[in-house]
Amino acid sequence: MDTAVVTASAAAKTATRMAAKIEWNFLYGAATVHGLTLVSSAAPTSSSQTIIVKASLDHFRKKAASMAFSPTEGGSISTLTNPTKGDKQFSAGELDMQEQVGRKFDEITDVVVTRKNELDDGHQIYFCSSYSLSIQLELPDHSGVGEEEIPVVGMSFGSLPLAQKFYANYAKKVGFVTKIRNTNFDKTRKESKIPVNQSIYCTREGYRESRVNAATRANRIIAMRCRARMYVVLDNENKCWVVSRLELRYSHPCSAEKVVHYHEYRELTMHAKCVITYNDEAGIRPNKTYLALANEVGGSTNLGFSEKDVRNYITRNLRCSDDNEDFQGMMNYFVRMKEINPNFFYAIDVDDANKFRSALWVDARCRASYEYYGDVVTEEIGPYMHGLPFASFVGVNHHGKSTLLGCALLGSEEISSFEWVFTQWVRYVGTAPRGIITDQCKAMTGAIRNVLPDTVHRWCIWHIMKKSQFKLGGYSKYRELNAMMNHIVWNSPTTESFESDWAGFIKQFKLGQNRWLAELYSNRRKWVPIFFKSEFWAGMRSTQRSESMHAFFGGYLHCKSGLVQFVYEYDNVLGTKEQKELEDDAADSKGVIPCIGSTGIERQFQLEYTSSMFRILQLEVRKKTDCVVRLIEQKGDTISITVDEQKVFWGKPVNHTFRVDFDPLSRKGQCECNKFESAGILCCHTLAVWSYYRFDIVPSCYLLP
């Protein structure tokens with residue numbers, strides 16, 4: 001076969017075998033720039049190396065007829081002699097070796113090309129070259145290493161793993177990481193694969209040139225031509241492994257302080273594992289556990305692991321990866337809780353294949369709370385737990401705070417799943433609630449209509465008003481129309497005024513074609529407060545109480561929590577909420593909130609209400625000063641009283657008129673704002689009437705338990 005041979009003078013006869021290997025990397029980079037394709041390389045048996053490349057005739061004639069490597073800073077490649085085209089010089093800018101190859105050279109010899117015959121495409125070209133390479137090596141700092149921990153040639157080990165562990169321990173104390181570079185096996189017994197020698201290198205050995213542009217490269221290049229390594233061979237006579245060759249010098253910075261943070265050396269101690277396990281069972285978040293462990297040793301810098309390692313340990317060792325096993329563990333927990341407390345209720349729904357689909361569980365404490373605070377509940381789909389939607393039933397206690405009434409994991413967000421949950425929940429608590437607040441989920445709406453036909457269903461107004469920014473934000477007058485929409489929704493005194501004001505709002509801002517607003521108006525009786533002001537809702541207008549409960553669960557759990565841990569932490573959540581309620585009761589028994597004025601009515605509520613509810617009443621007491629009794633009209637035994645309340649809208653005073661029907665004999669009054677009927681709190685208009693007639697005591701019917 002026709003060939004072109006590139007020969008070189010042996011200017012670096014003392015170059016090591018390693019230098020010859022690095023030369024191959026250099027020529028590979030040079031060949032790539034000149035459009036050549038590397039095929040293979042001969043074994044580096046001397047100070048020079050043979051590189052075999054394949055090139056087309058055009059590439060050979062134009063660029064690769066001959067090469068010379070200049071030792072100048074940065075380097076260059078030039079064509080000296082072309083047998084067919086004559087001399088042609090390439091500028092140094094065509095190949096910046098410092099950029100393309102990433103190395104500097106002390107001495108590189110010129111290369112002379114001899115062309116024997118005409119070349120065709122696909123013929124091979126042999127390049128030979130040699131140079132001497134200078135690598136700055138340093139001896140490691142052994143100040144923190146014991147003399148017996150430093151490897152030496154001739155040191156023996158009882159087994160290969162012991163040798164690996166010894167060198168890895170030495171590397172950790174010096175400040176680098178090891179890897180197994182080569183392992184040779186006994187060729188006479190191939191089936192048994194008995195190792196006979198092994199080379200253990202520093203992970204930063206060799207030379208790597210990234211083909212990715214430096215500006216876009218994301219991964220680090222760790223290779224630094226480090227020569228730190230240890231060779232061990234099997235001594236069959238003594239049945240041990242012996243260090244045959246050793247190189248302690250390295251070519252990169254080493255730090256024993258930083259090496260503990262390398263992922264290869266990060267490891268949890270037995271004490272840390274125990275603390276993580278106990279804290280996880282107690283519901284303590286991983287970041288809190290990590291901070292506690294760090295404080296024990298004087299800071300996170302003294303730990304041999306990171307917060308991520310703590311989380312990984314919890315996920316890997318304390319979470320169940322098998323779904324079926326996790327579901328079975330949840331079932332076992334329910335059975336155990338039922339044995340401890342017979343009033344604990346749970347229900348499991350399975351499919352035709354007897355696989356888990358949905359679950360509902362209600363603690364005895366939830367059942368007791370429902371008897372007192374189950375008039376109105378909110379039901380909200382929260383975060384996904386173990387891939388399943390999590391739902392919670394939430395009510396309001398006598399402190400005006402959220403109380404948990406039951407939890408469920410749904411197999412899906414379809415009508416059938418919601419129907420099963422509502423059916424099982426009502427079966428246990430005994431009676432359906434008078435009212436329920438949910439989001440605009442159509443499946444949930446259908447399930448409530450089928451299972452709870454006598455329960456008044458409302459949509460969460462907070463969710464609806466929150467969507468206005470996304471649905472109406474594109475309008476040029478969004479701020480004005482959003483303010484007017486809020487004013488109409490929240491402050492309309494009657495249903496007639498709402499409908500007339502809404503029509504004017506749509507006309508003024510030309511929103512007649514907006515589908516979202518049209519749908520809201522058609523379902524206005526489900527979310528506008530004025531349409532259900534005469535119904536008791538315990539002051540709840542939205543599902544934010546459910547969402548706050550989900551946030552409370554979030555303090556203990558996250559979406560990757562296993563089912564067993566989730567139901568286990570459920571008991572912790574209930575215990576924490578119960579403890580908080582006891583603390584609130586204790587705080588009320590120690591003292592009272594001071595009155596704003598000196599009226600007997602306020603003092604009466606001060607003694608009867610909890611501190612939280614009394615603060616809500618005091619808001620109405622303050623608003624009483626904005627009310628004026630204007631017109632009194634006798635209607636039989638009752639008196640119809642007109643009360644004007646002044647409010648501020650967009651910096652301007654606005655008067656709202658309310659009618660209070662009052663019976664002087666029984667001292668009972670009913671305001672058309674229906675605040676007491678819907679929230680259980682007397683309104684400022686009724687308080688203004690009692691103040692007008694100088695009543696100091698309110699009837700007991702207004703003191704809700």
Selection count where residues are surrounded by fewer than 11 Cβ atoms within 10 Å (Cβ to Cβ) and either part of a strand (DSSP E or B) or out of contact with any Phe, Trp or Tyr (no Cβ under 9 Å at 6 or more places or on another chain) (or both), scope the range 180-195: 6
Matching entry among 640, 612 (being assigned to a helix (DSSP H, G or I) and either free of Cβ contacts under 8 Å to residues at least 24 places away in the same chain or surrounded by 13 or more Cβ atoms within 10 Å (Cβ to Cβ) (or both)): 612
Within the range 472-492, considering residues that are more than 14 Å from residue 520 (Cβ to Cβ) and among the hydrophobic types (A, V, I, L, M, F, W, C), the one surrounded by the most Cβ atoms within 10 Å (Cβ to Cβ): 484
From 335, 310, residue being loosely packed, with under 13 Cβ neighbours inside 10 Å and either farther than 30 Å from residue 259 by Cα or modelled with pLDDT of 75 or more (or both): 335
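Kindly evaluate residue 320 against the criterion of being loosely packed, with under 14 Cβ neighbours inside 10 Å and either out of contact with any strand residue (DSSP E or B) (no Cβ under 8 Å at 6 or more places or on another chain) or modelled with pLDDT under 85 (or both). Give the derivation first.
Numbers: loosely packed, with under 14 Cβ neighbours inside 10 Å: no; either out of contact with any strand residue (DSSP E or B) (no Cβ under 8 Å at 6 or more places or on another chain) or modelled with pLDDT under 85 (or both): yes.
It is false that residue 320 is loosely packed, with under 14 Cβ neighbours inside 10 Å and either out of contact with any strand residue (DSSP E or B) (no Cβ under 8 Å at 6 or more places or on another chain) or modelled with pLDDT under 85 (or both).
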Selected residue (only one of 691, 666, 678, 700 is crowded, with 16+ Cβ neighbours inside 10 Å and closer than 22 Å to residue 603 by Cβ): 691
Single unsatisfied condition, residue 440 versus (1) without any contact (Cβ under 8 Å) to a residue 24 or more places away in the chain; (2) part of a loop (DSSP other than H, G, I, E, B): (1)
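Residues are listed down the side, and each one gets a yes or a no for (1) within 30 Å of residue 485 (Cα to Cα); (2) more than 29 Å from the chain's Cα centre (by Cα); (3) among the charged types (D, E, K, R):
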| position | (1), (2), (3) |
| --- | --- |
| 405 | no, no, no |
| 411 | no, no, no |
| 418 | no, no, no |
| 423 | no, yes, no |
| 439 | yes, no, yes |
Qualifying residue in the range 389-408 (condition: surrounded by fewer than 18 Cβ atoms within 10 Å (Cβ to Cβ) and among the hydroxyl-bearing types (Ser, Thr, Tyr)): no
Every residue from the range 277-291 that is surrounded by 14 or more Cβ atoms within 10 Å (Cβ to Cβ) and either out of contact with any Gly (no Cβ under 9 Å at 6 or more places or on another chain) or within 30 Å of residue 256 (Cα to Cα) (or both): 277, 279, 280, 284, 286, 289, 290
Options 352, 454, 375: the member that is over 26 Å from residue 572 (Cβ atoms), at pLDDT below 85, out of contact with any strand residue (DSSP E or B) (no Cβ under 9 Å at 6 or more places or on another chain) and surrounded by fewer than 19 Cβ atoms within 10 Å (Cβ to Cβ): 352
Positions within the range 669-684 being under 16 Å from residue 633 (Cα atoms) and touching a Cys at 6+ places or on another chain (Cβ under 7 Å), in sequence order: 671
Test: residue in the range 409-431 that is surrounded by fewer than 18 Cβ atoms within 10 Å (Cβ to Cβ) and closer than 30 Å to residue 608 by Cβ: yes
Residue satisfying condition, being more than 26 Å from residue 646 (Cα to Cα), exposed (fewer than 12 other Cβ atoms within 10 Å of the Cβ) and modelled with pLDDT under 90, within set 469, 544: 469
Count of the range 403-417 residues which are in a loop (DSSP other than H, G, I, E, B) and out of contact with any strand residue (DSSP E or B) (no Cβ under 7 Å at 6 or more places or on another chain): 2
Criterion: in a loop (DSSP other than H, G, I, E, B), polar (S, T, N, Q) and at pLDDT below 90 - qualifying residue of 287, 238: 238
Qualifying residue in the range 598-608 (condition: among the small types (Gly, Ala, Ser) and in contact with a Gly (Cβ under 9 Å, 6 or more places away or on another chain)): no
Flag if residue 662 is over 30 Å from residue 481 (Cα atoms), touching a strand residue (DSSP E or B) at 6+ places or on another chain (Cβ under 8 Å) and of a type in the set (Phe, Trp, Tyr): yes
Test set (1) over 26 Å from residue 532 (Cβ atoms); (2) of a type in the set (Gly, Ala, Ser); (3) touching a helix residue (DSSP H, G or I) at 6+ places or on another chain (Cβ under 9 Å) - residue 600 fails condition number: (3)
Verdict on residue 509 being under 12 Å from residue 528 (Cβ atoms), surrounded by 15 or more Cβ atoms within 10 Å (Cβ to Cβ) and at pLDDT 90 or above: no
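The values are calculated or read from the model by the stated rules, or taken from the named source; none is laboratory data. What you see is a predicted model, and the numbers here were worked out from it, not measured in a lab. Here the Cβ is made from the backbone with ideal geometry for all residues, glycine too, and neighbour counts use every protein chain on show.
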